[in-house]
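Notes follow once the structure below has been shown.
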Amino acid sequence: METFLIKALQLMLALAILVTIHEFGHYIFARIFGVKVEKFYLFFDPWFSLYKYKPKKAANADPDKSTWRDTEYGIGWLPLGGYVKIAGMIDESMDKEQMAQPVKPWEFRAKPAYQRLLIMIAGVLFNFILAMVIYAGVVYHWGESYVLFKDATAGMAYCESAHSIGFVDGDIPLTADGEQLDYLTGDNIMKMVTAKEVTVMRNDSTVTILIPDGFALKANKEIEESKSFFMTYRMPVVVLSTENGMGASKAGLQEGDAIMSVNGIATPSFDLFSKELNSHKGTTATIAFKRNGTVENAQVEINENGKIGVALQSIDKIYPVQYKKYGLLESIPRGVVLGVEKLKSYVSQMKLVFTKEGAQSLGGFGAIGSVFPDKWDWFGFWNITAFLSVILAFMNILPIPALDGGHVLFLIVEIVSGRKLSDKFLEYAQITGMILLFALLIYANGNDIYRFLIK
């Protein structure tokens, strides 16, 4: 229950930040061009709101001039997004009564097409800028640390889906479709699973692995079901400490001992070591280890769970860790690069949605919330929030009626053709788009419920 609440709070806070910044983009550009904004709401407020505030206007205020006091600011009770109600615009409010009145100079529909276009693009633009700002803040505060693939001499351990297409534990990734792979990140994994071919270093030789169509979905399904990873660094087995009363402690293993084999079977990495221990549960095995440059053997008891009672040294004690600290000015271009890379990575995944497997993998708020850390972790929270901001920007610019991208598409048609689309057409397009979006929302969250209750 505690984990659920922590994840839910992180999701709510992230959505509040993303929605507020998105709607503020629309709001501020509307204000720049003299358009009245009637409402600015975080979350939706059908029937009632949790909080609202309407500033009082000065007695001598010009009724034909828009100000911030024209806007009712509030918080709705339905946490599915948020909105700004822009005067004279056909949107989700479907205010037909206002649209039937004569055009006022401070309305959206009274402004030139290029101004209306900028107002609609602003939300997406602000979300993408927000992502870059967050990434810049993350690298400025925490820096970046990573282990280069070439420095991980034991290579990588791969999931079963990767094994099935030719990856072998110990392979060191080199390139994906010719693009160099330097270290383990979600973006580099995505490049690998969506590439046509990946080259790896295997036993001092370069090997090319062909990636079949749809492999990303297959790998993602396995990872979700097994709660594992596509690949991880293979770790040599070096003892950090032993647990009193367990086999390793009784046999005299010490900190710094590098375990080499179990009953003569080489175990150069933890995955192989764990496999051998599990195959000798409840027995005593001969374990070879290196101590101060000398190979020694010990008879070690393995319990019924395949454990000998050792804690192993962390990756930063095994491999050289690259660490880069960024100054304030250095963090800005790095934030831009990370934002662009995340956008490119997400766009490359979108083609997978238009398949049967991709549609089945769609998730709603439950799936989004599940990616947040189990414990409150600001580093994880800000990284996920930045990526969600990239997703929100991209999804909103899609040319679907009722989304910003739909309005942008119609405005571009107007600019190119020189003819304004009729209000009736825009109304029908808005209704169609809202029906599609609600259907998608129900389907995605239905997938969450199905996975939670059935699977």
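A few remarks follow.
- When all protein chains stay in place and ligands, DNA and RNA are ignored, the 1.4 Å accessible-area order of Val371, Val390, largest first, is Val371, Val390.
- In loop segments of region 46-102 as defined by DSSP, the trypsin sites (Lys or Arg not before Pro) with at most 12 further C-beta atoms inside 10 Å of their C-beta are Lys56, Lys57, Lys65.
- The candidates Lys420, Lys7, Lys375, arranged from most to least accessible area with a 1.4 Å probe in the full protein assembly, appear as Lys375, Lys420, Lys7.
- Angle between the chain longest axis and helix 404-417 axis [Cα atoms, degrees, rounded to 10]: 50
- The candidates Leu403, Leu50, Leu409, arranged from most to least accessible area with a 1.4 Å probe in the full protein assembly, appear as Leu50, Leu409, Leu403.
- A Stokes-Einstein calculation at 20 °C with viscosity 1.002 mPa s, built on the Kirkwood radius of the chain over Cα pairs, returns a diffusion coefficient of 82 µm²/s.
- Normalised per residue, the accessible area of the chain is 54 Å², obtained with a 1.4 Å probe and no contribution from ligands, DNA or RNA.
- Contact order relative to length of region 256-320, as percent, for alpha carbon pairs under 8 angstrom and 6 or more apart: 30
- Helix content alone sets the calculated 222 nm mean residue ellipticity of the chain: runs of n ≥ 4 DSSP H residues at -39500 (n - 2.57) each, divided across all residues, give -15000 deg cm²/dmol.
- Solvent-accessible surface (1.4 angstrom probe) belonging to Leu421, in square angstrom, nearest 10: 50
- Test item: Cα-centred dipole of the chain, Lys/Arg +1 and Asp/Glu -1 on Cβ, debye: 1220
- Heavy-atom accessible area for Trp378, with the other protein chains in place and a 1.4 Å probe, reaches approximately 120 Å².
- The chain - share of DSSP beta bridges that are antiparallel (%, nearest 5): 90
- Each part gets one Cα centre, and for region 372-425 versus region 7-80 those centres are 18 Å apart.
- When only Cα pairs below 8 angstrom with a gap of at least 6 residues are kept, the chain shows a relative contact order of 17 percent.
- Region 80-148, accessible surface, carbon-and-sulfur percent (1.4 angstrom probe): 65
- Considering only beta bridges that DSSP places wholly inside region 28-99, some 70 percent are antiparallel.
- His163 contributes about 60 Å² of solvent-accessible surface, heavy atoms of the protein only, 1.4 Å probe.
- By accessible area, using a 1.4 Å probe on protein heavy atoms only, region 1-66 has 67% of its surface on carbon and sulfur.
- Residue-count net charge about Leu411 - beta-carbon cut-off 13 Å; Lys, Arg +1, Asp, Glu -1: +3
- Between 0 and 90 degrees, the angle of helix 113-142 with respect to the longest Cα principal axis of the chain falls at about 30 degrees.
- Across region 208-290, the relative contact order, built from alpha-carbon pairs under 8 Å that are at least six residues apart, equals 25 percent.
- Accessible surface of region 188-282 [probe 1.4 Å, protein heavy atoms]: carbon and sulfur percent: 52
- Tilt relative to the chain, helix 378-396 - C-alpha long axis, 0 to 90 degrees, to 10: 50
The values are calculated or read from the model by the stated rules, or taken from the named source; none is laboratory data. Since the structure is predicted, the reported quantities are computational estimates derived from the model, not experimental observations. In this analysis, Cβ positions are derived from the backbone assuming ideal geometry, glycine residues included, and neighbour counts consider all displayed protein chains. We work out accessible area using only protein heavy atoms, side chains counted, and drop any ligands, DNA or RNA first. Shrake-Rupley method; radii C 1.70, N 1.55, O 1.52, S 1.80 Å.
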